[in-house]
């Protein structure tokens, strides 16, 4: 057995052993561990930021685009926010042990109870805060986690994983509860996602390439997350004073995240009035506009959009713009190009809004609000482990409850089948 196989085997075994113990550790003990982790992050701020600076310097040297470097960057304020997010998770209800009871006519007493998934393998890119979010949510829900971050954040992740794992163990969590794979070659991913004997579920979080690699090659069950080609449709009865700030927020606040807006659809009946106003505001925020032929007629500075643009998650200050005939054409476009993440309509027409809510197939569908709200924290779930864009076993922001499953406990008194 080579080093590659033996190290992964050890990680898998440690995680499985830890998961067995975590499944029956009480809420109080888990919360004490999370509180210790929150405190430890602040104590190790300088070490974390030094490691992050190494990652930032390496990323800039490689010429990685600014929006992705921004996702990678940690600050003193960011570490404080991670610590606060951990304390929020402490106050969230523990789903483990929740359930309901009923009695069958033959006297069998039935209990359906929520239990941890077991071992979660988290494969992600860029954002080192995911290391902490994933570890915290898995710990609180009684799961062991194997973390495999991207090479661009490796130094940050090494320090973060070490200090939070040590903090958890100081408070009685079993060794192997939180582990980081420090090797960054893709070979390790391909092996990891086939370790069915040790891993219960794989959650990929990142770009379309990473997600599809995992989905297409894993033998371990996968919860698909992430890719967000998010649309906003400005309908003919839209309030421009609402629409413009919503689009600007959704596109520019953090362009490198999955809930950022990528495509703007505009009702042709208001395009002449709305697009010049919208275009001016987008230009102020240095957003490149790639438009359909009609949009380019209205905005002389727009770049002609290609078919590829409608299917692209830019993760950058770029937006594709299309003028559509009406609600039906807007929904047809969304149906064809959506990744089923987040979609929004801006309109004052109640009936139109209700049709959009009913007929658009996505994890989160909005009326008169930014797609940037698709987030575990903003939904009240505390931190999130990802945004599921599939329908099984979870959909939308995944918090604690989504990291559990159910089992049945049956109490009998000698009953046998007839």
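The numbers here are math on the coordinates, done by the rules we state, and not lab data. All of these numbers come straight from a predicted model, not from anything done at the bench. Quick reminder, even Gly has a Cβ in these numbers, built from the backbone with ideal geometry, and neighbours come from all protein chains shown.
Ellipsoid semi-axes for segment 230-373, based on the Cα gyration tensor and the rule √(5λ), read 20, 17, 15 Å when sorted largest first. In this label model, residue 171 and residue 9 are separated by 3.4 nm, measuring between points 7 Å along each Cα→Cβ vector. The distance separating the Cα centre of segment 237-259 from that of segment 334-386 comes to 13 Å.
Going by average Cβ neighbours within 10 Å, how do the peptides 305-312, 345-352 rank, with the highest at the top? Please list the in-between numbers first.
Values: 305-312: 15.4, 345-352: 18.2.
Packing order, densest peptide first, comes out as 345-352, 305-312.
Annotation: extensible slack from residue 46 through residue 112 equals 19.1 nm (criterion: 0.36 nm per residue apart, minus Cα-Cα distance).
The three principal axes of the Cα atoms in segment 168-231 give end-to-end lengths of 45, 28, 22 Å, sorted in falling order. Which of these values of semi-axes √(5λ) of the Cα gyration tensor in Å was calculated from the structure shown: (1) 33, 27, 18; (2) 52, 20, 17; (3) 40, 28, 19? Read-out taken from this structure: (3).
Beta bridges assigned by DSSP with both partners in the chain are antiparallel in approximately 30 percent of cases. Helix 154-170 and the longest principal axis of the Cα set of the chain meet at an angle near 40°. Rounded to the nearest 500, the helix-only mean residue ellipticity at 222 nm of the chain stands at -13500 deg cm²/dmol, with each DSSP H run of n ≥ 4 adding -39,500 (n - 2.57).
Is the shape of segment 1-66 best called rounded, prolate or oblate, per the rule: a/c under 1.5 gives rounded, else a/b larger than b/c gives prolate, else oblate, with a ≥ b ≥ c the square roots of the Cα gyration tensor eigenvalues? Verdict is oblate for segment 1-66.
Starting from the Cα of residue 335, step 7 Å toward the Cβ, then list every residue of segment 362-399 with an amide N under 17 Å from that point. Zone members listed by number: 362-363.
For the chain, the longest principal axis of the Cα atoms and the long axis of helix 327-337 meet at an angle of about 50 degrees.
The distance separating the Cα centre of segment 92-142 from that of segment 174-199 comes to 20 Å. Stretched out straight at 0.36 nm per residue, the stretch from residue 186 to residue 212 would grow longer than its current Cα-Cα span by 8.0 nm.
Once you order the gyration tensor axes a ≥ b ≥ c over the Cα atoms, which shape class does segment 200-254 get: rounded for a/c under 1.5, otherwise prolate or oblate by comparing a/b with b/c? Present the calculation step by step, with values, prior to reporting the outcome.
Values: a/c = 4.19, a/b = 3.31, b/c = 1.26.
Verdict is prolate for segment 200-254.
Could you rank the peptides 100-106, 35-41, 286-292 by their average count of other C-beta atoms within 10 Å per residue, with the highest value first? Don't skip to the end; give the middle numbers.
On the way: 100-106: 9.3, 35-41: 20.3, 286-292: 18.6.
In decreasing order of mean packing, 100-106, 35-41, 286-292 become 35-41, 286-292, 100-106.
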